[in-house]
Structures are given as structure tokens and as C-alpha cells.
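Down below is the structure, laid out as C-alpha cells.
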């Protein structure tokens with residue numbers, strides 16, 4: 001059970017995150033509730049981290065609940081029409097396999113040769129996905145897990161910041177929620193919220209129990225998709241609940257900066273910028289190729305190749321009015337490819353020690 005101090009601190013942080021989100025909304029930023037809450041809590045963690053109670057950690061169960069809600073919402077977008085076009089995505093799925101290998105090799109060169117990380121830390125920091133799997137395998141291989149974790153969180157944060165901002169500049173106007181778009185497709189009532197809770201809880205249990213990739217998201221997403229495809233009806237979520245999910249996720253990401261030294265942060269940040277710029281450049285080339293070969297809209301293809309994490313990039317897709325289920329399918333495939341790659345390399349015993357690599 002969380003203590004009173006933990007509850008009060010969490011409520012205060014979420015209030016700060018909400019204020020940041022509202023300010024970002026007033027500023028016309030894309031994905032304002034997530035980015036605004038992230039910036040607000042990151043500033044607190046970096047500048048006034050001592051104000052947080054000793055040993056405080058953002059409640060991961062709370063984050064899981066809201067990620068599950070996002071999963072339900074994404075799964076509700078799965079329609080028979082979407083399932084029918086999946087075979088046409090074979091080109092982009094094949095291109096993702098190339099993307100994973102090239103991005104991983106390029107990132108390793110950046111972190112090891114340019115950043116000076118030891119080979120184990122560089123190798124597991126360089127993976128273009130599979131955050132939890134990379135951290136677990138990296139720890140076993142003797143990597144510096146604090147640096148490894150920060151590089152992955154920076155990858156996610158930089159991508160979910162740069163992609164929507166870049167697309168906003170490209171379109172010449174704020175996109176998605178920042179441009180006044182609405183997430184809701186129906187007026188959600190109490191019965192809808194009850195259905196969301198049941199589907200989300202069942203899917204979360206299934207995803208974690210069966211160890212799906214990003215199971216906290218993919219389990220609820222699968223449960224909602226099956227429900228909708230079976231003709232039962234997809235649950236509808238109101239805007240305020242989706243905005244709340246963005247605040248919770250953004251707040252939890254911002255707090256990852258707590259306790260990080262300035263020099264470590266600056267090195268991780270500039271290496272992260274170089275790494276993300278390289279991956280987004282590669283993803284842009286891949287997206288252009290997929291667009292010309294398969295006819296997939298360029299912005300949808302670009303979001304599908306942007307290595308920002310399943311949950312976060314699904315939210316970006318929603319903000320840009322792209323089909324989040326289609327985008328999520330690509331990101332889940334990217335994570336599966338990444339996990340398989342590092343598992344095979346680890347079993348070949350090429351990566352077994354911080355200095356032996």
C-alpha cells in the first residue's frame with residue numbers, strides 16, 4: 001500500500017503536470033498534455049529534485065492503468081477494414097527489419113566510438129526499441145544500467161518531441177490535439193467507462209501474464225480489438241480520460257531525470273540527439289521508399305518508423321489523426337525484431353562483459 005506521503009507527492013506532481021499541459025495547450029504545442037507535463041516535471045526533477053521525498057518513485061501501477069486505457073482506445077480502432085489491409089503492409093514490415101539492423105549498428109558506433117561508452121553499455125543503449133528487455137539483458141552483460149536507462153528514455157522523449165513538432169512545422173499549423181482535433185468518436189457514458197475498465201483489466205492481465213511485447217499496452221489493445229471484431233462493440237473513451245492518460249505518462253517520463261548529474265545528462269543528451277537524428281533520417285528514407293512502393297501516406301509511414309515507444313508513438317498517431325492501431329502494429333513488430341536480435345547475439349556469447357566486448 002502506498003504511504004500518505006507517496007499519495008500526496010503523486011497528486012502534487014500530477015497537478016504540476018496538468019498545469020504544464022495546459023500551458024503547452026495555450027502555447028499551441030503538439031501533443032500538449034504529454035509534452036507539457038513531461039517538461040514541467042523534468043524541470044522539477046533536475047532543478048529541485050531535493051524537494052521530492054527520499055526514495056520516492058512514481059507509482060508504476062498507476063502508469064500501467066493509464067497505459068492500459070490507451071491500449072483499449074487503440075484496440076477500438078481495429079476494424080475489419082484495417083485487418084483487410086494488413087497484408088499490404090508487408091513492404092513496410094520488411095523495411096522495418098532493415099531499419100532495426102542498420103539503426104542498431106549506427107547507434108552502437110555513436111555511443112561507443114563517439115561517446116566513449118564501454119561496449120556492453122553502448123550495445124544495449126543502441127537498440128532501437130525493447131527498453132525493458134535491453135535494460136535486463138544489459139544488466140546481465142555488465143552494462144551501466146543507469147546510463148543505459150537514460151539513453152533509452154531520452155530516445156523516447158526526443159522522438160515524441162521532435163516528430164510532432166517537425167510535422168507541425170511541415171504542415172504549417174499545429175496538428176492534432178494542439179490544432180483542436182478531438183479524440184472522441186462517440187459520447188461516452190457510464191456503461192462505456194465500465195466496459196473500458198473490464199476490457200482494460202482483462203487485457204492488462206493477459207498481456208503481462210503471457211509476456212507480450214509491451215504487454216501493458218498490447219494486452220488491452222488485443223482485448224478491445226477482439227471485442228470489436230466479434231461484433232460486441234468497441235468501448236468509447238472521452239477526451240478528458242485520454243488527456244489524463246497523457247498527463248500521467250508525461251509526468252512519469254519527466255521524473256526519470258531525477259538524480260542525474262549535469263555532466264552525465266549533457267553527454268547523454270547530445271549523444272541522444274545525434275542518435276535520434278540518425279534514426280529519424282533513416283526512418284525518413286525508409287518512409288519515402290514505403291510511400292512510393294505501397295502508397296502508404298508519408299506521414300503515417302514516418303510515424304511508423306519513428307523509434308519512440310509503442311505507447312508514446314500511438315499517442316502521436318492519435319494527435320496527428322493517423323490510425324493508431326496501424327502505427328502500433330509497426331512498432332510492436334519493431335520491438336519483436338529488436339528483442340529477437342539482441343537475444344540471438346547474447347546467446348552467441350558475443351556480448352558478455354563490460355570490457356570483454
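Bear in mind these aren't lab numbers, they're just calculated from the coordinates by the rules spelled out. For clarity, every value in this text was computed on a predicted model and none was experimentally measured. In this analysis, Cβ positions are derived from the backbone assuming ideal geometry, glycine residues included, and neighbour counts consider all displayed protein chains.
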* To do: Please quote Rg/Rh for region 11-96 to two decimal places, taking the Kirkwood radius as Rh and restricting both calculations to Cα atoms.
  => 1.16
* Contour excess over end-to-end distance, with Cα ends at residue 284 and residue 136 and 0.36 nm allotted per residue -> 50.3 nm
* Structure fact -> Computed over the Cα atoms of the chain, the Rg and Dmax in Å are 19.7, 59
* P(r) of region 232-331 in 10 Å steps, Cα pairs, percent per bin? -> 13, 34, 32, 18, 3, 0
* What is the list of residues in region 87-112 whose amide nitrogen lies under 11 Å from a point 7 angstrom out from the Cα of residue 343, following Cα to Cβ? -> none
* What spacing in nm lies between the two simple spin-label points modelled at residue 105 and residue 26, each 7 Å away from Cα in the Cβ direction? -> 5.0 nm
* Asked: How many nm is it between the label spots at residue 298 and residue 90, if each spot is 7 Å from the Cα in line with the beta carbon?
  -> 2.7 nm
* Asked: Residues in region 318-332 near a label at residue 171, defined as backbone nitrogen under 12 Å from the 7 Å Cα→Cβ point?
  -> 318-323
* **Percentage relative contact order, region 60-126, counting C-alpha pairs under 8 Å, at least six apart** => 22 percent
* Report the full-extension gain for the segment residue 15 to residue 46: residue separation times 0.36 nm, less the Cα-Cα distance, to one decimal in nm. => 9.4 nm
* Asked: What would the Debye formula give as log10 I(q)/I(0) at q = 0.16, 0.23, 0.24, 0.31 Å⁻¹ for the alpha-carbon point model of region 32-72, no solvent?
  -> -0.56, -0.92, -0.94, -1.02
* Per residue and in cubic angstrom, what volume does the convex hull of the Cα atoms of region 1-145 have? -> 201 Å³
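Can you tell me the length gained on complete extension of the stretch residue 57 to residue 230, counting 0.36 nm per residue apart and subtracting the Cα distance?
58.3 nm
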* Asked: Over region 4-347, what is the mean sequence separation of C-alpha contacts under 8 Å (at least six apart), divided by residue count, expressed as relative contact order in percent?
  -> 31 percent
* Asked: In bins 5 Å wide, starting from 0, what share of all Cα pairs of region 52-134 does each bin hold, as a percent?
  -> 3, 11, 11, 12, 13, 15, 17, 10, 5, 2, 0
* **Spacing of the two label points (7 Å from each Cα toward its C-beta) at residue 277 and residue 4, in nm** => 5.1 nm
